[in-house]
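The values are calculated or read from the model by the stated rules, or taken from the named source; none is laboratory data. Predicted model, so just to flag it, every value in this text is computed and none were measured. Neighbour counts run over all protein chains shown; Cβ positions are idealised from the backbone, glycine included.
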Amino acid sequence: MASPRALLAAVAICAGLVPGAGAAEKSAAAALAQCKAPAAGTFVVLGSGQQRGEPTALMMQERWFADGRIEGVRYLREGRRFTEDRYSGQVKADANCWALVERQGSAGAMADAVALDGLGRPRTSLVVAPSEVLSLRYVAQAPGACRPEQLDGLVTSQQQGQSWLAGSWQPNAVVQREWWQAGTVQGLALSSYAGRQDRATYSGNLKLAASCLGSMTQRDSAGASYNYKVVLLANGGGYVYLQTDPDNLTLGLLQHQR
């Protein structure tokens, strides 16, 4: 992920120490309302982009503590590679409603510059590394344990990803409408893989821990199987998944329709 030099540069930017950037941010700060300190809480973090010319996607469940510590679980796709690790780190705030988040785990170091809302909650961020083009979205995770039954009912999604076809990455797009009952799903997917349209029914099962982390396997009417890491939204709003199959890279936010 990020190199030590990139992390130091990110710290300088967020602190307003880079020549030119500091003056601009100090001027803008005069027009800003009083900023809150970064808020404690648990967040689902997701985003996709490119790293060294390959597609990349990231999904994390992360807890922010009141003293600035963070800890979390990270699921990462870099091209055809998938890694999973636990990490720790810290949040450093500046005076302009931004913060720098630094993480360190077995998959490497990572830092992002985070835009906070008026209550100090993280909303969006940019990963700070010369080799990466990756922005992230933060979704607040409600307190409490998760159960598969929280998904019961109708879930829909729309997502775009990449597929490894004929030696190169090609774009794909998928729209899904699915019905959940006690951790099992049946659905219909419309897809386009490098312009080839398809339509398939599918079914699958979710294995979920009380921590809201889980895994899911689906099989479609053509006999193909698909494997995902899952983070369930504890408020019943849906779930986020990251595909682990080497030849397909898809990050999806699937929304529960009530």
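Residues in segment 71-86 that are surrounded by 20 or more Cβ atoms within 10 Å (Cβ to Cβ) and either farther than 15 Å from Tyr228 by Cα or among the charged types (D, E, K, R) (or both): Gly72, Arg74, Arg77. Among the residues of segment 66-95 satisfying the criterion of being of a type in the set (Lys, Arg) and in contact (Cβ under 8 Å) with a residue 60 or more places away in the chain, which is nearest to Pro246 (Cα to Cα)? It comes out as Arg80. For the residues Ala189, Ala210, the requirement of being among the small types (Gly, Ala, Ser), within 24 Å of the chain's Cα centre (by Cα) and exposed (fewer than 12 other Cβ atoms within 10 Å of the Cβ) singles out Ala210.
Only one entry in Gln51, Gln34, Gln61 is modelled with pLDDT under 95, touching a Ser or Thr at 6+ places or on another chain (Cβ under 9 Å), outside the structural domain of Gln162 (by TED's automatic domain parsing) and at negative phi, namely Gln51. Checked against (1) touching a residue at least 24 places away in the same chain (Cβ under 8 Å); (2) surrounded by fewer than 20 Cβ atoms within 10 Å (Cβ to Cβ), Arg63 meets all criteria but (1). Just one of the numbered conditions (1) exposed (fewer than 15 other Cβ atoms within 10 Å of the Cβ); (2) at pLDDT below 95; (3) touching a Pro at 6+ places or on another chain (Cβ under 8 Å) is not true of Ala93: (1).
Filtering segment 65-99 to residues that are closer than 16 Å to Thr42 by Cβ and charged (D, E, K, R) leaves Asp67, Arg69, Glu71, Arg74, Arg86.
Residue under question is Gln160, and the condition is that it be crowded, with 17+ Cβ neighbours inside 10 Å, in contact with a strand residue (DSSP E or B) (Cβ under 8 Å, 6 or more places away or on another chain) and closer than 24 Å to Arg80 by Cβ; does it hold? Answer is no for this residue. Restrict the check to segment 85-103 and report whether at least one residue is over 26 Å from Lys36 (Cβ atoms), hydrophobic (A, V, I, L, M, F, W, C) and in the same structural domain as Val45 (by TED's automatic domain parsing). No, segment 85-103 contains no residue that is over 26 Å from Lys36 (Cβ atoms), hydrophobic (A, V, I, L, M, F, W, C) and in the same structural domain as Val45 (by TED's automatic domain parsing). The condition (being within 13 Å of the chain's Cα centre (by Cα), at pLDDT 95 or above and farther than 21 Å from Phe82 by Cα) is satisfied by just one residue among Leu251, Leu233: Leu233.
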